[in-house]
1. Counting only other chains, what is the mean number of Cβ atoms within 10 angstrom of the Cβ of each residue in peptide B:108-114?
2. Can you pull the mean other chain C-beta count within 10 Å for peptide B:31-41?
3. Past 21 Å, Cα to Cα: identify those pairs from A:K22/A:K74; B:K16/B:K62; A:K9/B:K78; A:K65/A:K107; A:K9/A:K107, in the order given.
4. Taking the mean number of other Cβ atoms within 10 Å as a proxy for protection, how do you rank A:58-69, B:76-87 from highest to lowest?
5. Springs between alpha-carbon atoms under 10 Å, Gaussian network over chain A: tell me which of A:L89, A:L21, A:L46 tops the mean-square fluctuations.
6. Within a 10 angstrom radius of the beta carbon, how do B:L60, B:L39 rank from fewest other beta carbons to most?
7. Amide H neighbours of A:T103 under 5 Å, counting only residues 5+ apart in sequence or on other chains, H built in-plane at 1.01 Å?
8. Tell me, how many Å apart are the Cα centres for region B:59-84 and for region A:94-108?
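The numbers here are math on the coordinates, done by the rules we state, and not lab data. All values derive from a computational prediction rather than experimental measurement. A quick note on method: Cβ atoms are made from the backbone with ideal geometry, for glycine too, and the neighbour counts reach across all protein chains shown.
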Amino acid sequence: AQRVTQPEKLLSVFKGAPVELKCNYSYSGSPELFWYVQYSRQRLQLLLRHISRESIKGFTADLNKGETSFHLKKPFAQEEDSAMYYCALLSNTGKLIFGQGTTLQVKP
Amino acid sequence: EAGVVQSPRYKIIEKKQPVAFWCNPISGHNTLYWYLQNLGQGPELLIRYENEEAVDDSQLPKDRFSAERLKGVDSTLKIQPAELGDSAVYLCASSSPFSGQGETDTQYFGPGTRLTVL
């Protein structure tokens with residue numbers, strides 16, 4: 001079965017601390033993975049995708065096929081990073097499968 | 001660019017009543033998606049259109065849900081009759097082969113319609 005698991009519903013850190021939002025997936029073959037973010041009162045938007053291998057707003061995510069993970073990381077959290085983060089997998093039928101989401105709370 | 005437009009933003013109805021949601025995708029985007037997002041969950045695809053054709057409606061509860069995308073632009077999602085369990089956010093998204101980098105289209109989401117069924 002194709003599935004995305006985000007084990008943490010809430011992650012709370014202090015400003016300046018490192019952040020790691022966990023994402024594990026289940027997929028046969030080469031997965032295509034994404035991180036989406038939803039800031040308060042805003043729409044869901046793409047943060048980054050693994051194929052582009054870029055850093056957006058200081059966030060990076062590395063695909064680890066051995067551990068079937070795609071964790072989102074940032075070395076120094078900012079208060080404006082507080083949001084809901086969703087990991088998503090592109091299924092072999094072309095649809096996005098989302099995890100349950102993790103709320104990141106960055107405290108001052 | 002206004003992005004994906006959805007209306008209404010909020011809807012409160014009594015159970016057994018019909019309800020309809022409307023979506024206007026980004027101009028030029030030929031792929032349109034309807035997602036259901038329950039509280040505390042990630043979005044789940046209901047139906048995907050390529051132009052006018054529904055290419056994936058396997059998750060759409062066809063006994064009460066229907067959708068259409070006439071002329072391959074705007075789309076309407078309908079529930080008739082609504083049940084208490086239909087209370088959720090209904091998201092519309094659109095993409096085109098040119099909206100992202102690499103091989104995969106980037107999906108752009110609308111603000112959603114929050115439905116409350118009493």
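1. 3
2. Partner-chain Cβ atoms within 10 Å, mean over residues of B:31-41: 2.
3. A:K9/B:K78; A:K65/A:K107
4. B:76-87, A:58-69
5. A:L46
6. Listed from fewest to most nearby Cβ atoms, that is B:L39, B:L60.
7. A:L10, A:L11, A:Y85
8. 27
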